[in-house]
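Step one of this worksheet: look at the structure below.
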Amino acid sequence: VGQYVEVTGVMGVRQVNGRNARHLWTTSYGPAATATYTKSYPRRWNLLSLPAQPKDANPAVIFGNEDMIDGRLMAWNAPTQSLRVYDMWSPDTFGALTSSSGYWLNAAAAGSISYTGYSSFAEDRWISAPRGWKIIGHPSTTATNWADWKATDGTAMKSIEQASQYGANWLQSYGYWWNSTTQGLLDFGLEDDFTATEQLQPWYGYWVKTNKHIGLVSP
């Protein structure tokens with residue numbers, strides 16, 4: 001319980017207490033592979049994310065210095081549409097870090113992130129995106145095209161273009177990222193949005209806006 005494992009088997013659906021549920025018929029399993037992930041950041045505002053799910057998701061462990069993040073590390077609370085600030089005297093209030101979310105860090109000095117994360121996630125990643133603004137992470141070690149992401153409302157799976165204002169209007173097709181060098185917001189989006197970039201990069205967080213509760217699926 002509480003450990004990640006790599007599982008080989010067949011996934012399907014079976015009836016559990018009269019309801020359909022996803023089920024995995026397992027042929028083998030073992031400890032999930034891990035790797036070390038390291039990234040430096042400058043002294044100023046940064047909008048960060050983790051490229052792999054951390055083995056120990058404690059913010060103080062990942063950043064290595066609790067004084068560096070006390071009152072300076074912030075997460076976005078989607079239900080209340082407000083920022084939650086890390087308090088070293090009440091770390092449980094802030095919670096664990098995840099590769100699905102982005103985080104603001106107002107660094108008082110240059111530093112680095114170094115942590116052990118699970119390296120074997122080769123499939124797509126699902127990110128919950130409640131209605132409103134959200135800072136998503138980019139759970140990958142390589143750049144991805146925003147057009148290759150997908151969205152689902154639980155009944156259908158659509159491309160970002162199909163799910164955006166160009167189609168079902170589940171979400172806004174463009175969003176924002178933070179350039180830590182110029183200390184300014186830039187946009188990203190689809191080709192027809194004519195934004196600064198159409199790609200999402202590792203270690204960056206991204207602002208997205210949804211019009212209903214959906215799930216985003218990274219390639």
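Table: residues versus (1) of a type outside the set (D, E, K, R); (2) open to solvent by 50 Å² or more (accessible area, probe 1.4 Å).
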| residue | (1), (2) |
| --- | --- |
| Thr34 | yes, yes |
| Arg44 | no, yes |
| Pro54 | yes, no |
| Ile62 | yes, no |
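Of the residues that sit in segment 84-127 and are without any contact (Cβ under 8 Å) to a residue 24 or more places away in the chain, hydrophobic (A, V, I, L, M, F, W, C) and in a loop (DSSP other than H, G, I, E, B), which one is farthest from Ile62 (Cα to Cα)? So that I can check it myself, show each step before the final result.
Taking segment 84-127 first, the residues without any contact (Cβ under 8 Å) to a residue 24 or more places away in the chain are 84-85, 87, 89-90, 92-93, 95, 122-123.
Now restrict to residues that are hydrophobic (A, V, I, L, M, F, W, C): 85, 89, 122.
Restricting the remaining residues to those that are in a loop (DSSP other than H, G, I, E, B) gives 89, 122.
Working: Trp89: 17, Ala122: 23 Å.
Per the stated criteria, the residue is Ala122.
Taking Asp70 and the conditions (1) over 12 Å from Leu48 (Cβ atoms); (2) at pLDDT 95 or above; (3) open to solvent by less than 40 Å² (accessible area, probe 1.4 Å), which numbered condition does it fall short on, given that it satisfies the others?
Tallying (1) over 12 Å from Leu48 (Cβ atoms); (2) at pLDDT 95 or above; (3) open to solvent by less than 40 Å² (accessible area, probe 1.4 Å), Asp70 fails exactly one: (3).
Among (1) touching a residue at least 24 places away in the same chain (Cβ under 8 Å); (2) within 30 Å of Val61 (Cβ to Cβ), where does Leu185 come up short?
Checking Leu185 against (1) touching a residue at least 24 places away in the same chain (Cβ under 8 Å); (2) within 30 Å of Val61 (Cβ to Cβ), the one that fails is (1).
Scanning segment 128-144 for residues that are part of a loop (DSSP other than H, G, I, E, B) and either at pLDDT 95 or above or open to solvent by 40 Å² or more (accessible area, probe 1.4 Å) (or both), which turns out farthest from Glu198 (Cα to Cα)?
Filtering segment 128-144 for residues that are part of a loop (DSSP other than H, G, I, E, B) and either at pLDDT 95 or above or open to solvent by 40 Å² or more (accessible area, probe 1.4 Å) (or both), the one farthest from Glu198 (Cα to Cα) comes out as Arg131.
Answer yes or no: is there a residue in segment 102-112 that is of a type outside the set (Phe, Trp, Tyr), open to solvent by 70 Å² or more (accessible area, probe 1.4 Å) and either within 16 Å of the chain's Cα centre (by Cα) or within 30 Å of Lys212 (Cβ to Cβ) (or both).
We begin by selecting, within segment 102-112, every residue of a type outside the set (Phe, Trp, Tyr); these are 102, 105-112.
Filter again for open to solvent by 70 Å² or more (accessible area, probe 1.4 Å), leaving 110.
Now drop any that are not either within 16 Å of the chain's Cα centre (by Cα) or within 30 Å of Lys212 (Cβ to Cβ) (or both), which leaves none.
No, segment 102-112 contains no residue that is of a type outside the set (Phe, Trp, Tyr), open to solvent by 70 Å² or more (accessible area, probe 1.4 Å) and either within 16 Å of the chain's Cα centre (by Cα) or within 30 Å of Lys212 (Cβ to Cβ) (or both).
If you take the residues in segment 145-171 that are among the aliphatic types (A, V, I, L, M) and under 20 Å from the mean Cα position of the chain (by Cα), which one is surrounded by the fewest Cβ atoms within 10 Å (Cβ to Cβ)?
Selected residue: Met157.
Which residue pairs have Cβ atoms closer than 6 Å, lie 6 or more positions apart in sequence or on different chains, and pair a first residue in segment 188-217 that is over 25 Å from Met74 (Cβ atoms) with a second residue that is hydroxyl-bearing (Ser, Thr, Tyr)?
Leu190/Ser173; Asp193/Ser173; Asp193/Tyr174
Residues of segment 178-200 being among the hydrophobic types (A, V, I, L, M, F, W, C) and assigned to a strand (DSSP E or B), which ones?
Trp178, Leu185, Leu186, Phe188, Leu200
Mind checking which residues of segment 73-82 are of a type outside the set (Val, Ile, Thr), exposed (fewer than 13 other Cβ atoms within 10 Å of the Cβ) and not in a strand (DSSP E or B)?
Result: Pro79, Gln81.
Going residue by residue through segment 148-156, is there one that turns out to be within 17 Å of Tyr206 (Cβ to Cβ) and in a strand (DSSP E or B)?
Taking every residue of segment 148-156 in turn, at least one turns out to be within 17 Å of Tyr206 (Cβ to Cβ) and in a strand (DSSP E or B).
For the subset of segment 172-199 comprising residues that are hydroxyl-bearing (Ser, Thr, Tyr) and surrounded by 14 or more Cβ atoms within 10 Å (Cβ to Cβ), which member is farthest from Leu216 (Cα to Cα)?
Filtering first and then ranking leaves Ser180.
Against the conditions (1) open to solvent by 50 Å² or more (accessible area, probe 1.4 Å); (2) touching a Phe, Trp or Tyr at 6+ places or on another chain (Cβ under 6 Å), where does Tyr86 fall short? Just the number, please.
Going through the list (1) open to solvent by 50 Å² or more (accessible area, probe 1.4 Å); (2) touching a Phe, Trp or Tyr at 6+ places or on another chain (Cβ under 6 Å), Tyr86 breaks only (1).
The values are calculated or read from the model by the stated rules, or taken from the named source; none is laboratory data. None of these values were measured; they are calculated from a predicted model. For neighbour counting, all protein chains shown are included, and Cβ atoms are generated from backbone atoms with ideal geometry for every residue, glycine included. Side chains are part of the model used for accessible areas, which takes the heavy atoms of the whole protein and leaves out ligands, DNA and RNA. Shrake-Rupley method; radii C 1.70, N 1.55, O 1.52, S 1.80 Å.
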